[in-house]
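Here is the structure we will look at.
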Amino acid sequence: MIEVQGLNKFYGDFQALKELDFTINRGEILGLLGPNGAGKTTTMRILTCFLQPSSGTIKVENYNILDHPLEIKNMIGYLPESAPLYGEMLVYDYLAYVAAMRGLDGGLKVERIAKLIELCGLKEVIHKAVHELSKGYKQRVGLAHAMMGDPEILVLDEPTSGLDPNQIVEIRQLIKEIGKEKTVVFSTHILSEAEATCDRVVIINRGVIVADGATDRLAREFGGGAVVDVALQHPDAQFVVAELKRVVGVERLEELSEVGEGLVKMAIFSKEDEDIRPALYRVIREQGWDLLDFHRRAETLENVFAQLTREN
Amino acid sequence: MSGALTVFRKELRGFFFSPIAYIVITTFLLLSGWFFFSTFFLYNQAELRNFFGQLPIIFAFIVPAVTMRLFSEELNSGSFELLSTLPITDSSIVIGKFLAALIFIALMLLPTIAYAFSAALLGDLDWGPVFGGYFGALLLAGAYAGIGLFASSLTKNQIVAFIIGMAICFMLTIFDRMLFFVPESVLAVFAYLGSTTHFQNISRGIIDTRDLLYFFSIIFLALYATTFVLKEKK
């Protein structure tokens, strides 16, 4: 549905995007991840025809952003970061204005606005001026703005930033709901959010794509092997460490802390993507140690992200 | 084009939501009223020539104040990002905002019709130059609004936009009076560039295509330049 090809963007001498290539499929929820200043917002701004690429192109359906910006803008609903709405307008007037811009009129317009008021929970603030609203409500008005034209593609730049935990959950559910029928692209720096919401993530660092794939696949691929957390009771920590290090498949072993008498806690890293739990457990059973905790650590996107975007 | 109409409606309403509009209207009516009536009774003639004579210099200050927020405010708050990602072309945005400013100035001029009626009450008023004067005033307002809009697209800062717009409008206004500095070979060019003579021709009731062409070219050039600036920002 959306094809990004060899996208470059320069701000003066600074190259914000370097040869970006990726595609977004219909009905997909795609997360754009990356540290601050990685190029997420720039990518979204080019996609929504707010900025022009220095070179390269984006195709939406069969339209090119350079030649058919109007057609593309018609298909895309966009919520920029921090939702810069017209502060002096009343919420209802603002929505009516956006509806008119989207070419809605008469009954259709009233119907669409009513639906969005319900969907985004704007009932209590509908007669307030936008600048009086809290951050959360402003974000919701921004979301209503983006969804006004019932667009095929929704582009959201950090939609949950600055919201309280309840609102974050609400917005995430909303995104998931919309994502069932529409294509959603959103950027975030909260990784658990991407994990919970996205079908696929693209991780950008310094204008370059460093990873692109389904969240679980990325976690497996870049997670750096599995980690097993073990806690057991033994007076001689050195001995335990030495014994466990000898188990086949163990790459390294980190002693976490020496809490209390005889408690040994450690993280055991395996080579490759190998399950070392059976081998470890055999040793523990043979030695007759008292086992307190034994589990494989879930591979999170956090590890992947840290590994891929670490400085140098 | 329906996009331009939506922008126009939104901006015109926006003028009346902001206190600046009322300050500008009040200032304009005070200034023009004072200039007009302070000499009206001295001349002892039922005509509005004095009012229209002062208009270019008053407009040079007032019109950029009307237009200064149109783009600067959007660029500053970031709402321009939302506006330009809606399905509308840059030129429609520019035209919508320009028309809103023009109609606002027309509404600002509306109360001054009272001057004409006062004059008509006191003597035998020739309505021809009055109509010509208002027609010319609209053209002049259009030209200055175009320039003000262009200035507004250049910067995020409304004050800077006002000063740039005012400087250009002021220059056009006083060109005619500065002609003795200009070498004779280019005199005709500079004489044509000044707005006051063109305005005075029309406000005398003489509609000449040269004067019309002058105002329409300034409006077109200013709006074109504004669209160009917006495009360059991308």
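The values are calculated or read from the model by the stated rules, or taken from the named source; none is laboratory data. Just so it is clear, the model here is predicted, and its values are computed rather than measured. Methodologically, a virtual Cβ is constructed for each residue, glycine included, from the backbone with ideal geometry; neighbour enumeration extends over all protein chains shown.
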Taking the stretch B:18-36 and keeping only residues that are in contact (Cβ under 8 Å) with a residue 24 or more places away in the chain, surrounded by fewer than 18 Cβ atoms within 10 Å (Cβ to Cβ) and more than 14 Å from chain A (Cβ to nearest Cβ), one is left with B:27, B:29, B:31, B:33
Restricting to the stretch A:53-76, and then to whatever is within 23 Å of the chain's Cα centre (by Cα) and surrounded by fewer than 21 Cβ atoms within 10 Å (Cβ to Cβ), can you tell me which residue is farthest from the other protein chains (Cβ to nearest Cβ)? A:59
Residue among B:99, B:42 that is surrounded by fewer than 19 Cβ atoms within 10 Å (Cβ to Cβ), part of a helix (DSSP H, G or I), hydrophobic (A, V, I, L, M, F, W, C) and away from chain A (no Cβ under 12 Å): B:42
Of the numbered conditions (1) within 13 Å of chain B (Cβ to nearest Cβ); (2) surrounded by fewer than 21 Cβ atoms within 10 Å (Cβ to Cβ); (3) part of a loop (DSSP other than H, G, I, E, B), residue A:37 satisfies every one except a single condition; which is it? (1)
Number of the exception - residue A:207 against (1) free of Cβ contacts under 8 Å to residues at least 60 places away in the same chain; (2) crowded, with 16+ Cβ neighbours inside 10 Å; (3) not polar (S, T, N, Q): (1)
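Listed here are the residues, each with its yes/no results for (1) in contact (Cβ under 8 Å) with a residue 12 or more places away in the chain; (2) over 26 Å from residue B:203 (Cα atoms).
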site: B:8; (1), (2): yes, yes
site: B:16; (1), (2): no, yes
site: B:56; (1), (2): yes, no
site: B:59; (1), (2): yes, no
Is it the case that some residue within the stretch A:90-100 is touching a strand residue (DSSP E or B) at 6+ places or on another chain (Cβ under 8 Å) and surrounded by fewer than 21 Cβ atoms within 10 Å (Cβ to Cβ)? yes
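Here's a check for you: in the stretch A:77-86, which residue that is more than 7 Å from chain B (Cβ to nearest Cβ) and in contact with a helix residue (DSSP H, G or I) (Cβ under 7 Å, 6 or more places away or on another chain) is nearest to residue A:160 (Cα to Cα)?
Filtering the stretch A:77-86 for residues that are more than 7 Å from chain B (Cβ to nearest Cβ) and in contact with a helix residue (DSSP H, G or I) (Cβ under 7 Å, 6 or more places away or on another chain), the one nearest to residue A:160 (Cα to Cα) comes out as A:81.
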Taking the stretch A:98-129, which residues are within 12 Å of chain B (Cβ to nearest Cβ), assigned to a helix (DSSP H, G or I) and within 31 Å of the chain's Cα centre (by Cα)? A:98, A:99, A:101
Note: among A:259, A:283, just one is surrounded by fewer than 18 Cβ atoms within 10 Å (Cβ to Cβ) and at pLDDT 80 or above, namely A:283
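Going through the stretch B:179-234 one residue at a time, which ones are of a type in the set (Lys, Arg) and outside any helix (DSSP H, G or I)?
Selection gives B:204, B:233, B:234.
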